[in-house]
Amino acid sequence: MNSITQSSKSELASVLILTSSYPKYLGEPSGIFLHLLAKYLSAQGWHLTVLAPNFPGGKKTEKIEGIRIYRFNYFVPSMQGLCYRSGMLPNLRKSVILWLQVPLYLASMWYSVLKLLRTQSIDLIHVHWVLPQGIIAGLVRVFSKIPILLTVHGSDIFSFKGKLAIFLKKFSLRQASAITANSIFTSSIVKKLDRNVPINVVPMGVDTDEFNPARKNPKIRKELGIEGPMILFVGRLVENKGVQHLLQAMPSVLKIFPKAVLVIIGDGSQKDKLKKLVETMKISQSVNFLGTLSHSQLPEYYAEADVFVGLSEVEGLGVVFLEASSSGLPLVGTAIGGTADILLDGVTGIKVETENTVELSRAIIRILQDDELNQRLSQNARDHAVKNFSWPRVAFRFAEVFNEILSTSK
């Protein structure tokens, strides 16, 4: 895409961000990458407004670090459970009753968008996720000709394979003025749905100043009682994140490093099942479940760890891989989908097969044993993150897309 100079366009243009996930409060991890993108775009001069679903106890209107957020109710406020927690799809899989909230969610978001368009001056709608937000944006086009940028994150395009779902995905894609995908892999999946849609690869970013090897804090190890290597996992505790395979690999690691500790940060529907597995395997002393931590707490844990492990079955990009890389952590993971843009085998980490616990344990042990390899992967990971995924760089690339859309939609 041709670069268009940031001019009075960006100084005046107002962008409505449409999303199903956004931090409920400062430091909360849900949709934190969207808040960071909004912050960096705002710093460039763009006027940002966010529309996101409400949650029990949430405010309908508020500002977080200068970003105006409108939250819409779609059910009895105290019973809204479709979004947040493990995410919309895992929530739906866990509770069939939540499907009853889906049509209300769609109708409420659609009405809320139209209301904002009537009461505010909006120049561009930036839609995150093909389903369900892309559908809403497409329906909004019936009443408004405001241009739409649709950003595909992965889970929205990978899930739901039925004919109706495919029809709705294609409908969403074709209504957009422009499309971005967060990785080369995600882009390839979009092209399989419709080879004719124009698409740019623009990843989400990471704060390379915040997630930095210099953020080490030895107090963490002391508080957790870690005397040996610290292995780190960060993410939602749901089945497709593969934490069960990491736990199954731990006994082999402990044979070589008996004082090693696996630190698990995150929460989700599989938490109780994973804790029972730890008890059954009798490795409770070597596994620490910390639950969900605030975003501001994470950098010190990344920086203090010795190796990061991520085993998602499929990932649009993998924000936690970005955070780990930026923190100078060697990576071990499946490198499936978008994570392949971050985990470069033999360069920033070691690639393993999804369910091969023997290969996984060997990769972890190899990194912990080989100081030269550890240092090389660590430096490469950090350099790769700074060069390709820093937020200023990512925000600039999105600004280019914004300007391109606005200049062609006059």
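Quick one: is Glu323 touching a residue at least 12 places away in the same chain (Cβ under 8 Å) and either open to solvent by less than 10 Å² (accessible area, probe 1.4 Å) or closer than 22 Å to Ala38 by Cβ (or both)? For Glu323, the condition - touching a residue at least 12 places away in the same chain (Cβ under 8 Å) and either open to solvent by less than 10 Å² (accessible area, probe 1.4 Å) or closer than 22 Å to Ala38 by Cβ (or both) - is met.
For the range 363-384, the tally of residues that are open to solvent by 80 Å² or more (accessible area, probe 1.4 Å) and either among the polar types (S, T, N, Q) or touching a Ser or Thr at 6+ places or on another chain (Cβ under 8 Å) (or both) stands at 3. When the range 147-158 is filtered for residues that are more than 17 Å from Asp194 (Cβ to Cβ) and open to solvent by less than 30 Å² (accessible area, probe 1.4 Å), the ones remaining, listed by number, are Pro147, His153. In the range 285-296, the residues that are more than 10 Å from Ile265 (Cα to Cα) form Cβ pairs under 6 Å with partners that are modelled with pLDDT of 95 or more and open to solvent by 20 Å² or more (accessible area, probe 1.4 Å), at six or more places apart or across chains, as follows: Ser286/Leu254.
The residue that is nearest to the chain's Cα centre (by Cα), among those in the range 52-70 that are more than 23 Å from Tyr40 (Cβ to Cβ) and open to solvent by less than 60 Å² (accessible area, probe 1.4 Å), is Pro53. The single condition among (1) surrounded by fewer than 17 Cβ atoms within 10 Å (Cβ to Cβ); (2) within 26 Å of Gln369 (Cβ to Cβ); (3) touching a residue at least 60 places away in the same chain (Cβ under 8 Å) that Ile184 does not satisfy is (2). Leu290 meets all of the listed conditions (1) in a helix (DSSP H, G or I); (2) in contact with a Phe, Trp or Tyr (Cβ under 9 Å, 6 or more places away or on another chain); (3) farther than 22 Å from Val386 by Cβ but one, namely (1).
Filter the range 390-410 for residues that are closer than 30 Å to Pro330 by Cβ and either open to solvent by less than 10 Å² (accessible area, probe 1.4 Å) or of a type outside the set (A, V, I, L, M, F, W, C) (or both) and give the result. Answer for the range 390-410, where residues must be closer than 30 Å to Pro330 by Cβ and either open to solvent by less than 10 Å² (accessible area, probe 1.4 Å) or of a type outside the set (A, V, I, L, M, F, W, C) (or both): Ser390, Trp391, Pro392, Arg393, Val394, Ala395, Arg397, Phe398. Just to be sure, is Ser312 under 18 Å from Met204 (Cβ atoms), touching a Lys or Arg at 6+ places or on another chain (Cβ under 8 Å) and assigned to a loop (DSSP other than H, G, I, E, B)? Yes. Scan the range 315-335 for residues that are under 15 Å from the mean Cα position of the chain (by Cα) and not in a helix (DSSP H, G or I) and the total you get is 4. Taken over the range 74-127, the residue count meeting the criterion of being of a type in the set (S, T, N, Q), closer than 24 Å to Ile157 by Cα and surrounded by fewer than 16 Cβ atoms within 10 Å (Cβ to Cβ) is 1.
Listed here are the residues, each with its yes/no results for (1) farther than 14 Å from Ser30 by Cα; (2) small (Gly, Ala, Ser); (3) touching a Leu at 6+ places or on another chain (Cβ under 8 Å).
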{"position": "Thr49", "(1), (2), (3)": "yes, no, yes"}
{"position": "Asn54", "(1), (2), (3)": "no, no, no"}
{"position": "Glu62", "(1), (2), (3)": "yes, no, no"}
{"position": "Tyr74", "(1), (2), (3)": "yes, no, yes"}
{"position": "Pro77", "(1), (2), (3)": "yes, no, no"}
{"position": "Gln80", "(1), (2), (3)": "yes, no, no"}
{"position": "Arg85", "(1), (2), (3)": "no, no, no"}
{"position": "Lys94", "(1), (2), (3)": "yes, no, no"}
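Run down Thr348, Thr357, Thr334, Thr339 and say which single residue is in contact (Cβ under 8 Å) with a residue 24 or more places away in the chain, open to solvent by 10 Å² or more (accessible area, probe 1.4 Å) and polar (S, T, N, Q). Full working, then the answer.
Values: Thr348 fails: open to solvent by 10 Å² or more (accessible area, probe 1.4 Å); Thr334 fails: open to solvent by 10 Å² or more (accessible area, probe 1.4 Å); Thr339 fails: open to solvent by 10 Å² or more (accessible area, probe 1.4 Å).
Criteria check complete, one pass: Thr357.
For every residue, the table says whether it meets (1) among the polar types (S, T, N, Q); (2) within 15 Å of Asn288 (Cα to Cα); (3) modelled with pLDDT of 95 or more; (4) open to solvent by less than 20 Å² (accessible area, probe 1.4 Å).
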position	(1), (2), (3), (4)
Asn212	yes, no, yes, no
Ile220	no, yes, yes, yes
Ile226	no, yes, yes, yes
Phe233	no, yes, yes, yes
Gly242	no, no, no, yes
Leu254	no, yes, yes, no
Val261	no, yes, yes, yes
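Each row is one residue, and each column tells you yes or no for (1) in contact (Cβ under 8 Å) with a residue 12 or more places away in the chain; (2) under 20 Å from the mean Cα position of the chain (by Cα); (3) over 27 Å from Lys271 (Cβ atoms).
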site: Gly45; (1), (2), (3): yes, no, yes
site: Val50; (1), (2), (3): yes, yes, yes
site: Phe72; (1), (2), (3): yes, no, yes
site: Cys83; (1), (2), (3): yes, yes, no
site: Gln101; (1), (2), (3): yes, no, no
site: Tyr105; (1), (2), (3): yes, no, no
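Within the range 271-287, the set of residues being open to solvent by 50 Å² or more (accessible area, probe 1.4 Å) and either closer than 20 Å to Arg221 by Cβ or outside any helix (DSSP H, G or I) (or both) comprises Lys282, Ser284, Gln285.
Please go through the range 235-244 and pick out each residue that is assigned to a helix (DSSP H, G or I) and either over 13 Å from Lys275 (Cα atoms) or within 14 Å of the chain's Cα centre (by Cα) (or both). Hits for the range 235-244 are Glu239, Asn240, Lys241.
Scanning the range 131-146 for residues that are of a type in the set (A, V, I, L, M, F, W, C) and not in a helix (DSSP H, G or I), we see that the one that is most open to solvent (accessible area, probe 1.4 Å) is Phe143.
The values are calculated or read from the model by the stated rules, or taken from the named source; none is laboratory data. Because the structure is a prediction, the values reported are computed rather than measured. Glycine gets a Cβ as well: all are built from the backbone with ideal geometry, and neighbour counts include every protein chain shown. In case anyone asks, the SASA skips ligands and DNA or RNA and just uses the protein heavy atoms, side chains included. Shrake-Rupley method; radii C 1.70, N 1.55, O 1.52, S 1.80 Å.
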